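The values are calculated or read from the model by the stated rules, or taken from the named source; none is laboratory data. Since this is a predicted model, take the numbers as computed values, not measurements. Positions of Cβ are generated from backbone atoms using ideal geometry, with glycine treated the same way; all protein chains shown enter the neighbour counts. Keep in mind that these areas ignore ligands, DNA and RNA; they rest on the heavy atoms of the full protein, side chains included. Shrake-Rupley method; radii C 1.70, N 1.55, O 1.52, S 1.80 Å.
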Amino acid sequence: MSISSTNHPTPLAIMHFMPTMAAIFRNAITAETHQHHAAQITLDFEGTFELHCQNKVQHFKCVLVPPNVSHYVRSNNNWQVTILLDAESLVTKRLLKYFKVTEHPIDIPEEYYRDLIVLGKQSQDRSLSVTELSAYLLTVLNKWVSDIRVNEQDEPVSYTHLRAHETVLD
């Protein structure tokens with residue numbers, strides 16, 4: 001889906017819906033205070049933006065906002081992407097765990113968002129189809145997860161917990 005205007009040379013918004021995420025590429029955003037069950041990654045391709053969250057105003061190039069946290073974004077009229085990730089998906093759980101995101105948004109380091117900047121430029125000039133953009137986005141996020149190499153079970157499991165599973169199987 002694309003939203004455009006005759007006054008703008010680039011589309012105002014391009015939205016991609018995938019099974020475990022949605023991505024919105026757009027010229028600027030100013031959102032009211034909201035929260036959602038999804039984790040949110042927002043990246044400004046040309047500068048920074050303000051994130052208002054938990055009575056703080058912070059400036060980010062790329063941020064990961066945990067699920068169920070009230071926030072709003074103020075932009076500088078730059079080309080941006082917001083990726084809403086299903087909080088129950090394996091990719092999201094690994095990203096939140098790796099970046100130690102619990103209750104507060106965190107700054108995503110440049111080595112992770114560098115590939116997304118390429119994607120943003122291609123979405124802005126419409127050199128990729130919606131299918132190609134979606135595939136590229138999934139590839140980037142899966143690369144993050146594989147680079148992170150977070151085990152599903154990092155915390156020790158108690159003997160009682162194991163016995164409970166064993167009892168269920170009996």
Below 25 Å, Cα to Cα, which lysines can LYS100 reach? Residues fewer than 8 away in the same chain don't count. LYS56, LYS61, LYS143
Suppose every K and R has +1 on its Cβ and every D and E has -1 on its Cβ; what is the size of the dipole of the range 6-85 about the Cα centre, in Debye to the nearest 20? 60
Using the Karplus curve 6.51 cos²θ - 1.76 cosθ + 1.60 with θ = phi - 60°, what ³J(HN,Hα) values do you get for each residue of the range 133-145, in whole Hz, with x for Gly and Pro? 4, 4, 5, 5, 4, 4, 4, 4, 5, 5, 5, 4, 5
What list of ³J(HN,Hα) values in whole Hz, one per residue of the range 95-111 in order, does the Karplus curve 6.51 cos²θ - 1.76 cosθ + 1.60 (θ = phi - 60°) give from phi, with Gly and Pro shown as x? 4, 4, 5, 4, 7, 6, 8, 10, 10, 10, x, 10, 6, 8, x, 4, 4
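Stretched out fully, how many nm does the piece from THR131 to HIS104 gain, at 0.36 nm a residue minus the Cα gap?
6.5 nm
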Would you kindly derive the ³J(HN,Hα) couplings of the range 50-63 from the backbone phi angles with the Karplus curve 6.51 cos²θ - 1.76 cosθ + 1.60 (θ = phi - 60°), listing them in order in whole Hz, with x for Gly and Pro? 9, 10, 9, 7, 6, 6, 10, 10, 10, 9, 9, 8, 8, 9
Ordering TYR136, TYR98, TYR113 by how much accessible area each has at a 1.4 Å probe, largest first, what is the list? TYR98, TYR136, TYR113
For the range 25-112, report the accessible area per residue in Å² (1.4 Å probe, heavy atoms, rounded to an integer). 46
